[in-house]
Amino acid sequence: MNAQMKPGQSGDFRLLIGGKLVPGAAGTVDVINPATEQVVAACPRADVAQANQAVAAAKAAFPAWAAKSIAERRALLMKLADAIDAHTQELAPLLTQEQGKPLGGAFFELMVASANIRGIAAHDLPPVVLKDNDEAKVVRVRSPLGVVAAITPWNFPVIMMVTKLAPALLAGNTIVVKPAPSTPLTSLRVGELCAEIFPAGVVNVIADANDLGGTLTSHPDVAKIAFTGSTATGRKVMASAAPTLKRLTLELGGNDAAIVLDDVNPQEIAPKLFFAAMVNSGQVCLAAKRIYVPEKIYDAVCAELAKIASAAKVGNGLEEGVDFGPLQNRMQYEKVKAIIDDARAQGKIIAGGEPHAGPGFFIKPTIVSGLPDSARLVCEEQFGPVMPVLKYKTLDEAIARANSSEYGLGATVWSASNDRAYEVAMRLETGTVWINKHLDLPPDVPYGGTKQSGYGVELGQQGVEEFTQVKIINLAK
């Protein structure tokens, strides 16, 4: 593989269909480097016929793959984790060029991806005896579903790909992966690795111009959709899957609250809050997007956050010393700029917020104080490096405001007292609450959303079980 390319170079990317690396029948789509707005590579574009071929290949490969023992499937997944580790020097620069994140962040994503494969592969799906007496023996087993379609986002392309692929394959399913059209390249390279490891048809990777999602979500031979993306698109996925009653895992949007209690040290807490909101330039569904701070330390926390934001270096992720890269695409860039303009009109920008001159979708880390809860930056999921710091008088008030969102993906609570923080956590309407830390997502712990933030869970034993069908075997004695 040759992952470090000059602008416009094709890099000989191929789709993976039925064990073969093939060009796109619909031509190619240019992948843009968000730091330079130049073409990174021409990505092969599948047509509807190739999407159907990928599903057919996965369907044909399913019986033999499902018949393998879980130990055999686990061994091949471990080989994939080893292969990703062996190719990080090639994959990381490619990931930075298509996604925008600093090179260190790209290496970190690849490390987490391989660790997640190993962690997920460590799970098992043993039969469970529910009843065994003189009259009957009842056993619960878990069977694979069949063909899984994984539709993945552009913020963490490799992590989100393997977080779906690993449990699907471990459980005995076969898979068709469709990465986001703006970040398909690293996923296609991982597809090349899969071609060398798995039997033909077990893993298929196609790329599109955002036009094949409906083909997969409505396909009668696809048994399950695993989707990560916006809530609006998640609703469309669910509707498209409804006629065939597909199983679904939907990891959707979030507007995560961070509640700071009055017993913290502003200087100690500010760097942690900043990371929670700004990691990956804020392009994280589980990022802290609304920061609630009590009156008595509000000004001090704001001042510390502004200081950290002002010192951050924004630039091309391939350059040394860069803390934050660009937003991944122009549409998101324009959306975040509009949200900043709205925040400027309703609150006070105390760091960042200046327009960027020159190429690239860069937005400096921006801190905003004094906003009303009706501001776009508070109501919407900004998915960018912009942090609203919101003042509250009582803890009950803060919790009520945090819960007022239609989203319920994650939250954080910050306090010198774990007991106080735990009491707050119990009252928050979210799928995950972290206390005095953020974005801790080990592969053996599930996560998922409530309300409009999704359906089902990923990671952990429950995440593997999402890719299975419960079967009850009831034996008479």
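The values are calculated or read from the model by the stated rules, or taken from the named source; none is laboratory data. This is a predicted model, so every value here is computed, not measured. When we count neighbours, we look across all protein chains shown, and the Cβ atoms used for this are built from the backbone with ideal geometry, even at glycine. Protein only, heavy atoms only, side chains kept; ligands, DNA and RNA dropped before computing areas. Shrake-Rupley method; radii C 1.70, N 1.55, O 1.52, S 1.80 Å.
Full extension of the chain between Glu90 and Ser374 gives 97.7 nm of extra length, using 0.36 nm per residue less the Cα-Cα distance. Measuring between alpha carbons in the structure, the pairs from Lys101/Lys393; Lys20/Lys236; Lys289/Lys348 lying more than 28 angstrom apart are Lys101/Lys393; Lys20/Lys236. Positive-end ranking of Ala351, Gln461, Ala425 along the dipole of the chain, with charges on Cβ about the Cα centre, is headed by Gln461.
Label positions at Asp211 and Thr244, each projected 7 Å from the Cα along the C-beta direction, are separated by 2.1 nm. Count the net charge of all other residues whose Cβ sits under 14 Å from the Cβ of Asp419, scoring Lys and Arg as +1 and Asp and Glu as -1. Here the charged neighbours net out to 0.
Take the Cα of Glu319, step 7 Å along the line toward its Cβ, and report every residue of segment 339-367 whose backbone nitrogen sits under 14 Å from that point. Counting only backbone N, you get 356-364. Spin-label model, Arg420/Ala303: points 7 Å from Cα along the beta carbon direction are separated by 2.1 nm.
Using a Förster radius of 30 Å, what is the FRET efficiency between Ile70 and Ala200 based on their Cβ-Cβ separation? Nearest 0.05, please. Calculated value: 0.90.
What does the C-alpha gyration tensor say about the overall shape of the chain? Classify as rounded when a/c is under 1.5, otherwise prolate if a/b is larger than b/c, or oblate. It comes out oblate by the Cα gyration axes. Computed on the chain, with alpha-carbon pairs under 8 angstrom and 6+ residues apart, the relative contact order is 18 percent. Dipole of the chain computed with +1 at Lys/Arg Cβ and -1 at Asp/Glu Cβ about the Cα centre; of Gly449, Gly317, Leu245, farthest Cα towards the positive end is Leu245. Each of Trp154, Ile340, Ile120 was placed along the dipole of the chain (beta-carbon charges, centred on the mean Cα), and the one lying farthest toward the positive end is Ile120. Each semi-axis of the equivalent ellipsoid for segment 216-294 is √(5λ) with λ an eigenvalue of the Cα gyration tensor; in descending order they amount to 38, 11, 8 Å.
All other residues with a Cβ under 11 Å from the Cβ of Ala26 taken together, and with Lys, Arg as +1 and Asp, Glu as -1, what is their net charge? Value of the local net charge: -2. Think of a 1.4 Å ball rolled over the protein heavy atoms: the chain then has 39 Å² of accessible area per residue. Pairs spanning more than 28 Å between alpha-carbon atoms, out of Lys79/Lys224; Lys296/Lys337; Lys79/Lys451; Lys79/Lys272; Lys68/Lys178; Lys307/Lys391: Lys296/Lys337; Lys79/Lys451; Lys79/Lys272. The slack between Lys348 and Thr28, meaning 0.36 nm per residue of separation minus the straight C-alpha distance, is 110.7 nm. Put a plus charge on the Cβ of each Lys and Arg, a minus charge on the Cβ of each Asp and Glu, and nothing anywhere else: the dipole of the chain about its Cα centre is then about 920 debye.
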